[in-house]
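Below is one structure; the comments refer to it alone.
The values are calculated or read from the model by the stated rules, or taken from the named source; none is laboratory data. In this text the structure is predicted, and so the values were computed from the model without any measurement. With ideal geometry, Cβ positions are generated from the backbone for all residues, glycine too; neighbour counts draw on all protein chains shown. To get the accessible areas, we keep the full protein, side chains included, count just its heavy atoms, and leave off ligands, DNA and RNA. Shrake-Rupley method; radii C 1.70, N 1.55, O 1.52, S 1.80 Å.
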Amino acid sequence: MGFASTYLENRALFPQLIKGAPDNKTSIIVVVPSYNEPGITDLLDSLALCNDPYCKVEVLIVVNAPANAGEDSLANNRKTILNIENWKKNHSNCFFRLYTIDATSFVINGWGVGLARKTGMDEAVRRFNFLDRPDGVILNLDADCTVAKNYFSAVNFELLKRKDRSACSIYFEHPISGNDFSEMVYTSIILYELHLRFYFQGLKYSCFPYVYHTVGSAVAVKALPYIKAGGMNRRIAGEDFYFIQKLIPAGGYFNLNTTAVYPSPRSSFRVPFGTGATIAKLTTENHEILLTYNMQSFNELKSLFGMTVQIYNCKSVNVADSFSDLPEGLKLFIGEEEWTEKILEIKGNTSGLQSFQKRFFGWFNMFKIVKYLNHSHSGTFKKTSVVESALELLNTIGNNFRSNNPRDILLYYRKLEKET
C-alpha cells in the first residue's frame, strides 16, 4: 500500500486516468487545466525549451468544459487535443512525457479551474504513489503561460532536493509590452500586477509572517504535503488562495524567486474575479486608474502585529483592557467580545511566546486579513489609486522613489521582491 493509497481511495474523484506506468525516475509532474485553449502549444514550446532538470518530467493537460460551454468552445477543446497530439508527434525527443486527459465527457458537475486542477493533481499523486515517491513535485501552470528556461532546474534544486521544503509560490511576471495585445491591455495589467505586488509588500511591512502570492499558475507542492492538506479544492474561482492557506500552516512553504512563470495578461469572463476579470473590466470601461487598499489599513495591521509580545505578557484579567490599544478600524472589525474571547483562548492553550504567536497568526491569518481589508474599506478607509498607494508605501519604508509612471513603479516593485 503506497503513501497516498488511502487518500486516492477516499478523496480522488476518478479512477486511474493514465494507463501507462511512469518512468522510475519521474520526480516532477506539471498539471495544466485547459478549456478553450487551442493555442496551448505555445506553453508546450516554452516547456520544451527549458534546461534539463536532471530528473524525469511529465506534463498532464486536463481538457475540460463547464456544463454551459458553447459549441465554439467545445470545438476549440477538440482542436486543443488535436494540436497537443500533433505537437507530441513532432517532438518525440522531448525530455518530458506528455499526456492529455480528455475530461469533457466525465459525468460530474462543477467543471472549472479548481476541479480541473484537482483532477490533474490527484492523477499526479496516483503516479507518484505508484513510484512510492512522496517527495515528488506537482507543478501548476495555466494553458496560456510560458516559463523561464530554468523553470524545472530551479524547482529541482530549490524544492525537490530540499527535505526542509514542502511547497512554494513561484515568482511571476505578466508581459507588459509587445504586439500580442492592445496598449490598453498592457496598461491594465501593469496596474493589476502593481496592485498584487503592493499588497505583498504591504503585508511584509505590517510584519505578517506568511507573505506569499496566491497565483494558481505559479504554485508547486510535494505529493505528501498535498494529500496531508486534503488535496486541491473544487472551487470555480479562488481555488489557489484557499489551497495555499491549507499548505502554509504545515511549514516548509517558501517563495521561489530564482525562476519565473509568465501568465497571460488577456481578459477573461470565466471567473468573477482575478486577473482575467480585472483586465476585462478595466479594458471594457477604458479605465486607466485601479483602486487598491489604503496605506492606513497596513499601518493598522502593523500596529496589531507589533502588539503580540505585549499581549502575550499581559495578565489574563487585563486582556479586555488591551482591546482599547487597537487601532480604530481593527476595533470596529473585531469587536471587544471576540477579541477577549479569542486572546484568552490562545493564551490558555500556549506555553511560550513562539507558540502564542503561531496560534495568534493561525487566528489572524490571510482569511482574516482579507475580511478586515474588505470591512475597513467599506467605512473606515477609502480605497486609493494603486499608484498613490504604491508610492506611499515606498516612501514609508524609506525608498525615495520619484517616478509617477506605473510601469517604472512596477519594475521597482519586481526588483524589491526578487531581492528578498
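Brief remarks on what is shown
- Enumeration of residues in the stretch 378-392 that are modelled with pLDDT of 95 or more and under 17 Å from residue 302 (Cα atoms): 381, 389, 390, 392
- Filtered by the rule that a residue be part of a loop (DSSP other than H, G, I, E, B) and within 20 Å of residue 361 (Cβ to Cβ), the stretch 222-256 gives 229, 251, 252.
- With respect to being polar (S, T, N, Q), over 30 Å from residue 243 (Cβ atoms) and outside any helix (DSSP H, G or I), residue 324 falls outside the description.
- Among (1) part of a helix (DSSP H, G or I); (2) surrounded by 15 or more Cβ atoms within 10 Å (Cβ to Cβ) - the single one residue 30 does not satisfy: (1)
- On inspection, residue 158 passes the criterion of being surrounded by fewer than 23 Cβ atoms within 10 Å (Cβ to Cβ), closer than 23 Å to residue 241 by Cα and among the charged types (D, E, K, R).
- Matching residues in the stretch 201-211 - criterion: being open to solvent by 30 Å² or more (accessible area, probe 1.4 Å), of a type outside the set (Lys, Arg) and in a helix (DSSP H, G or I): 205
A quick yes/no check of all residues on (1) at pLDDT 95 or above; (2) open to solvent by 30 Å² or more (accessible area, probe 1.4 Å):
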residue	(1), (2)
176	yes, no
217	no, no
220	yes, no
273	no, yes
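- Cβ-Cβ contacts under 8 Å between residues 6 or more apart (or on different chains), taken from a first residue in the stretch 3-27 that is open to solvent by less than 100 Å² (accessible area, probe 1.4 Å) to a second residue that is part of a helix (DSSP H, G or I) and hydroxyl-bearing (Ser, Thr, Tyr), are listed as 13/119; 14/119; 17/119.
- Residue 133, sole failed condition from (1) basic (Lys, Arg); (2) more than 27 Å from residue 21 (Cα to Cα); (3) buried (at least 18 other Cβ atoms within 10 Å of the Cβ): (2)
- Residue ID - least open to solvent (accessible area, probe 1.4 Å), chosen from residues in the stretch 40-58 that are in contact with a Phe, Trp or Tyr (Cβ under 7 Å, 6 or more places away or on another chain) and among the β-branched types (Val, Ile, Thr): 57
- The set of residues from the stretch 42-84 being farther than 21 Å from residue 123 by Cβ and part of a loop (DSSP other than H, G, I, E, B) comprises 49, 50, 51, 52, 54, 67, 68, 69, 70.
- Pairs, first within 21 Å of residue 345 (Cβ to Cβ) in the stretch 291-317, second surrounded by fewer than 19 Cβ atoms within 10 Å (Cβ to Cβ) and polar (S, T, N, Q), C-beta under 7 Å, six or more apart: 308/357; 311/322; 314/322
- Of all residues in the stretch 136-155 being touching a strand residue (DSSP E or B) at 6+ places or on another chain (Cβ under 6 Å) and open to solvent by 30 Å² or more (accessible area, probe 1.4 Å), the one that is farthest from residue 121 (Cα to Cα): 150
- In the stretch 304-316, the residues that are open to solvent by less than 60 Å² (accessible area, probe 1.4 Å) and among the polar types (S, T, N, Q): 308
- Cβ separations smaller than 6 Å between residues 6+ apart or across chains give the following pairs from the stretch 344-368 residues that are farther than 17 Å from residue 246 by Cβ to residues that are open to solvent by 50 Å² or more (accessible area, probe 1.4 Å) and charged (D, E, K, R): 346/359; 350/359.
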